[in-house]
Amino acid sequence: MEPDVSIETSSMIRVAVLPIGHVPPVLLRDYHSMLLRHQTIPLSAISSFYTEHQKSPFSNQPWDSGSLRFKFIVGGAPPSPWEDFQSNRKTLAVIGICHCPSSPDLDSVIDQFDSARRAYASALVDRCFAFCPGDSQLEDGSKKGGNLMLFPPADRATQEFHLQTMMQDIAASLLMEFEKWVLKAEPAGTIVKTPLDSQATLNSEEVIKAKKRRLGRAQKTMGDYCLLAGSPVDANAHYTTALELARLTGDFFWYAGALEGNVCALLIDRMGEKDSAVEDEVRFRYSSVISHYRKSFIQEHAQRVSPLTFELEATLKMARFLCRRELAKEVVGYLTSAADGAKSLIDASDRLVLYVEIARLYGTLGYQRKAAFFSRQVAQLYLQQDNRLAAISAMQVLAMTTRAYRVQSRASAEDSPSKKEIGSSLAEGGKMLHQSVVSLFESQWSTLQMVVLREILLSAVRAGDPLAAWGAAARLLRSYYPLITPAGQNGLASALSNSADRLPSGTRCADPALPFIRLYSFPMHPSQMDIVKRNPAREDWWAGAANTGPFIYTPFSKGDANTNTKQELIWIVGEPVQILVELANPCGFDLRVDSIYLAVPSGNFDAFPVTVNLPPNSSKVVTLSGIPTSVGMVTIPGCTVHCFGVITEHLFKDVDNLLLGATQGLVLSDPFRCCGSARLKNISVPNISVVPPLPLLVSRVVGGDGAIILHEGEIHDLWISLANAGTVPVEQAHVSLSGKNQDSVISIASETLNSALPLRPGAEVTLPVTLRAWRHVLADADTAGRSGSGGTVRHSKDGSNPTLLIHYAGPLTNIGDPATNKSAVPPGRRLVVPLQICVLQGLSFVKARLLSMEIPAQVGENLPKPVHIEDSPTEALSSPTKMDRLVKIDPFRGSWGLRFLELELSNPTDVVFEITVSVQLENFSHDHRLSGDRDAAEYGYPKTRIDRDCSARVLIPLEHFKLPVLDDSFFVKDNLPDGANSGRNSSFSERNTKAELNASIKNLISKIKVRWQSGRNSSGELNIKDAIQAALQTSVMDVLLPDPLTFCFRLSRYALEPENSSSHNSPNVQVHSAAAKGSVLAHEMTPMEVVVRNNTKEKIKMSLSITCRDVAGENCVEGTKATVLCSGVLSGINVEVPSLQEIKHSFSLYFLVPGEYTLVAASVIDDANDILRARARTKSSDEPIFCRGPPYHVRVVGTA
Amino acid sequence: MATTACFVIVSRNDIPIYEAEVGSAAKREDAAQLHQFILHAALDIVQDLAWTTSAMYLKAIDRFNDLVVSVYVTADIHTRLMLLHDSRNDDGIKSFFQEVHELYIKTLLNPLYLPGSRITSSHFDTKVRALARKYL
């Protein structure tokens, strides 16, 4: 059988093209392609070379429209035994091709050509074309003449023209030879034989029959020559005669042959136009051809030779003639019957040719799967021949089938856009209709695919093509590992390594093998290097990045968000980034990935390779990192993997599709799940853009980054060191706070940061921050207590820490970017410094109480100082410095109504605390005339030490808070609204406006500070304001307001002076030295005076009375047993005291019995006003207001 | 019962969703592969032929050597029941196809079955093999 047969084959002149000497294959192919342009030589073109020697037998030669057809066979072909039957099988011409530079000796070329053409006995014309001769060769060759044709070096057009001339010459020579042959054949009756003809001696009858047949056969052969000579009409005439004769003699084989020629002549005559009439005619005649070939089958020859090949060829010719989509059914019928004939073919190469032709025809018809099926049959036939060339052929044929079986190498699959599109839309959409998912796995006949791949692998190994073998093994392993036994997987792995051994290192293959790689996560920037879009229009440029408006969700932003569902990711030139990928090895062998790194086709990324070892059936998450190198977009479609000795590209998209197919039940197995890895949701690759370098601040807490352990209320200074680790200076920076417990940060020295700007690369600035630990949350303590002994350590993890946000940015102007569109502004960054604070429970406050204390005063020579003045120590104290801190009580004044705030504190911790109470007083300027030297001093009190697990009480004297004047300012707020009821202020305190009261309480409380110290450097302040407020709430008035009247007693120094008009007592009162010490002598007249001071702003009329009591409390001035004699008025003294003034009332006492006496002054105020009533908390307006001074002690010494 | 028979259900996009060797001949791996290759190649012919007739049973549409491919196309054109056989029992094959079609429809009615995915039901497999013994 012959390849590439068609009906027109009968009209083609077979020309052997032989390379003479050494011709490089590329050049031979080139020369052959030049020849191929001259497959058809029009008769009109050769007339100049044609000379009519005698009358041409081709009387109806179409000189204007006809042509000669050539069929070039490179390398020639051995003579066919069927040459006589079909003249087109004869090699009628030989063309030698010589490349002169590689064969310098022209003589030897001529010799070689001569010997080569001798093999072709049937050749009528021979020429040797020598290309590119040198000058000497040209000279030499022109002398040689003969068949050697030299093609002088020239451009291609000239050479082609030269060649065309040569071919026309050959065509003319052939035509003349054909004429000669036909003229010679006609009278003689050439003997033509075929292998079909019996070799046995013929009997007489058969001899006669053979003679008759010979005529017909001669006519058929002449028809063949006419056809070759391009004269279909003449051919037709001969064929008609031949048909007639063959039918008469029952020579079916030759009849069929003549009929074939006849059809060919018909088609040539119609110049290739195919109307349906011609088609029907051809179809009719060819079915006759086929049936006649079948009839000529002679059983006795079946073993040796058979006309079957001609029948099959005729079938293929018919199929090729009809091969159109509309006639597919008919063609399929012919091809099926041709395929049926294959098993009857004796020669394996015939079967090969048959299958090749069937595959080609199916391919032409568009039946790719049929074509693939027969191609595979061809490949199997090739593989049966055990040689390398056959294996190469098998491999190439199988490579053609890969498309139909959908196992093509990715290198050859680039031209399938539909599949790619689906893949990309899948990656974007994330969710797809099932149908489109299915289309990704079109035609997944896994059994067939595995067989084909295995055959490719086998043929590639045999053909010695390691790359193809590697690719096939990789595809097989990657796609069908679940169907391959572990032993088979090992075999494939070793096939991969064996192939790689024969490949140069660094070879790339389009088909990835293992492992499976998918994106695991795309880590966003760590909060330390967060990137914030900069809004240059605003002062607070970082604010624009956040969502403006009060809503968390804005319906208007919905549409906007829809368009860019993909996240945006910004990378910075020169700053390393990381991406997590997951690798899976679902096979039963150890997989060593020599290197894996991110594949970035945009080229602006330096990826760092890593080596990974994957045990059998395992998966691993690997961090891949790299550095962006230049500004622009970065796309990361996959990874580059160096595994099994070959570099391959692994695309994430493919694995995503595979996983999607696995979820839909379309793929055999999910490689990640079978490795025990959890299912991941689809991770979309964000749009990554690379921006120019930005500054990078790195923060460090001076003294260690660990959590700072503070007790509640502790005040602590912290130094945060910020260093610019970037390559661009920081030009703007702003510090703000976020998170919980923001108020615990007392101060941030942001001016330190601002003054350090611009912060050059490498520069460092230290930012002091003052912290005060917040209150320890009790719930935490509970859980901590329950969780175990070391519970206090737990709190640093909770989210109660404040964080420092530092927004900073580099220079605004972009270097060399004049197009200042919005995106050109380089973004800023945000540094988040979490202040790791662990608050421990500190001193715990138990309760606060208000205590009052009354110490009676002693009557002395001096008037006691006003309450506010505490500058002269009167108590015996060891050191004056210590005295300052103590509560000082003037014994002459006593401390009547002194109130203490008692705080009970307990120390549950394991450290010792020292408590310092200080009271701060501001300076009242208008008090100077009263109190003289009143300071805005802070009054400190001695430290109180509280040991661990102890509790202690701290007393805070509330003595410095009394207002100097009782006026209506304190009550003004209350009087105004209920002016009508001002006469009756029965429940004044309840009516007080809470706010007013609270304000004054707060004012009071804020002056009290309870500080603690623990150890050397831990100190803080107790936050017990609420407790103090609660304690003071009820008696604040008593604490704050002075009494309307104050009374004091003293020994009168000037009793003897006459100007003391008010004195009604006897003038001979001696003041003893003892009096200065506060004691009075018995049996002596003691002049005394009572001083009454009006603390209000209005004049007070009152009736003053003085009583003196002894230790038993008996009134000892009046009564029958009076032990004290008096002179002067002691009761019912009606006096008037002007506002803020004091009056003196003098009297004298004569003590009869030494001992302790108590003097008490009291007064009933007449016509009390509202303020006094409010102060006294009277219930009704007509109630008398009674004022009583503090008791004064008088010690009387002497003998009774 | 036929000595060789290979039954395949091909779904949309030419994905085989069910494959079974139902012949009585001894199972040989390369033969099974060849059967699939033949069936796969026959899809080309089915794809043209299915549109030319309203019949669901397309009879024998292709052959390779002495193996014949008979095809039954369901109403949605996409699902094709294909049988490779060496027997000529046309009526039996037709009944086989009809009953398997019914089985297939029952499978489709299963809400847990995703149309177009592989039929993994062992019940379906048992039934198909029983039908093959009965009709082929």
For A:Ala130, are the conditions met, namely being at pLDDT 80 or above, in contact with a Cys (Cβ under 8 Å, 6 or more places away or on another chain) and not in a helix (DSSP H, G or I)? yes
Top-ranked residue in the range B:96-107 [being away from chain A (no Cβ under 14 Å) and surrounded by 15 or more Cβ atoms within 10 Å (Cβ to Cβ); ranked as nearest to B:Pro16 (Cα to Cα)]: B:Tyr104
Quick check on the range A:691-738: of everything there that is touching a residue at least 60 places away in the same chain (Cβ under 8 Å) and among the small types (Gly, Ala, Ser), which residue is nearest to A:Pro758 (Cα to Cα)? A:Ala733
Restricting to the range B:43-65, give me the number of residues that are closer than 21 Å to A:Leu361 by Cα and more than 12 Å from every other protein chain (Cβ to nearest Cβ). 0
Limited to the range A:1-34, what total is found for residues that are within 30 Å of A:Gly257 (Cα to Cα) and either part of a helix (DSSP H, G or I) or among the small types (Gly, Ala, Ser) (or both)? 7
Going by the structure shown, is B:Ala5 touching a Lys or Arg at 6+ places or on another chain (Cβ under 7 Å) and either touching a residue at least 40 places away in the same chain (Cβ under 8 Å) or under 29 Å from A:Leu354 (Cβ atoms) (or both)? no
Can you say whether A:Ile346 is among the β-branched types (Val, Ile, Thr) and either surrounded by 15 or more Cβ atoms within 10 Å (Cβ to Cβ) or part of a helix (DSSP H, G or I) (or both), as far as the supplied structure shows? no
Near pairs, Cβ below 8 angstrom, 6+ apart or cross-chain, from the range A:352-371 (at the interface with chain B (Cβ under 10 Å from one of its Cβ atoms)) to any residue that is hydroxyl-bearing (Ser, Thr, Tyr): A:Gln368/A:Tyr362; A:Lys370/A:Tyr362; A:Ala371/A:Tyr362; A:Ala371/A:Thr401
Within the range A:146-157, can one find any residue that is outside any helix (DSSP H, G or I) and within 60 Å of the chain's Cα centre (by Cα)? yes
Please state which of the following conditions A:Ser115 fails to meet, knowing it meets all the rest: (1) part of a helix (DSSP H, G or I); (2) touching a Leu at 6+ places or on another chain (Cβ under 7 Å). (2)
May I ask you to list the residues in the range A:721-734 that are surrounded by fewer than 22 Cβ atoms within 10 Å (Cβ to Cβ) and either more than 27 Å from the chain's Cα centre (by Cα) or under 16 Å from A:Arg700 (Cβ atoms) (or both)? A:Ser721, A:Ala723, A:Ala725, A:Pro729, A:Glu731, A:Gln732, A:His734
Lone qualifier among A:Leu483, A:Leu433, A:Leu440 - being buried (at least 21 other Cβ atoms within 10 Å of the Cβ) and either modelled with pLDDT of 85 or more or within 14 Å of another protein chain (Cβ to nearest Cβ) (or both): A:Leu440
Identify, from the list A:Lys193, A:Lys211, A:Lys184, A:Lys220, the residue that is basic (Lys, Arg), at pLDDT 75 or above and outside the structural domain of A:Ser11 (by TED's automatic domain parsing). A:Lys220
Evaluation of A:Ser337 against (1) exposed (fewer than 15 other Cβ atoms within 10 Å of the Cβ); (2) within 23 Å of A:Tyr382 (Cα to Cα); (3) among the hydroxyl-bearing types (Ser, Thr, Tyr) (one fails), failing number: (1)
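Each row is one residue, and each column tells you yes or no for (1) in a strand (DSSP E or B); (2) surrounded by fewer than 14 Cβ atoms within 10 Å (Cβ to Cβ); (3) of a type outside the set (Phe, Trp, Tyr); (4) at positive phi.
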residue	(1), (2), (3), (4)
A:Gly574	no, no, yes, yes
A:Ile579	yes, no, yes, no
A:Ala584	yes, no, yes, no
A:Ser595	yes, no, yes, no
A:Asp606	yes, no, yes, no
A:Asn613	yes, yes, yes, no
Within the range B:20-42, considering residues that are surrounded by fewer than 20 Cβ atoms within 10 Å (Cβ to Cβ) and at the interface with chain A (Cβ under 8 Å from one of its Cβ atoms), the one modelled with the highest pLDDT: B:Gln33
Of all residues in the range A:623-673, count the ones that are crowded, with 20+ Cβ neighbours inside 10 Å, of a type in the set (S, T, N, Q) and assigned to a helix (DSSP H, G or I). 1
All positions within the range A:1089-1134 that are assigned to a loop (DSSP other than H, G, I, E, B) and of a type in the set (D, E, K, R): A:Lys1097, A:Glu1098, A:Lys1099, A:Glu1114, A:Glu1118, A:Lys1121
Answer with yes or no whether A:Cys1116 is modelled with pLDDT of 80 or more and either among the hydrophobic types (A, V, I, L, M, F, W, C) or in contact with a helix residue (DSSP H, G or I) (Cβ under 8 Å, 6 or more places away or on another chain) (or both). no
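The values are calculated or read from the model by the stated rules, or taken from the named source; none is laboratory data. Since the model is a prediction, treat every value here as computed from it, not as a measurement. Methodologically, a virtual Cβ is constructed for each residue, glycine included, from the backbone with ideal geometry; neighbour enumeration extends over all protein chains shown.
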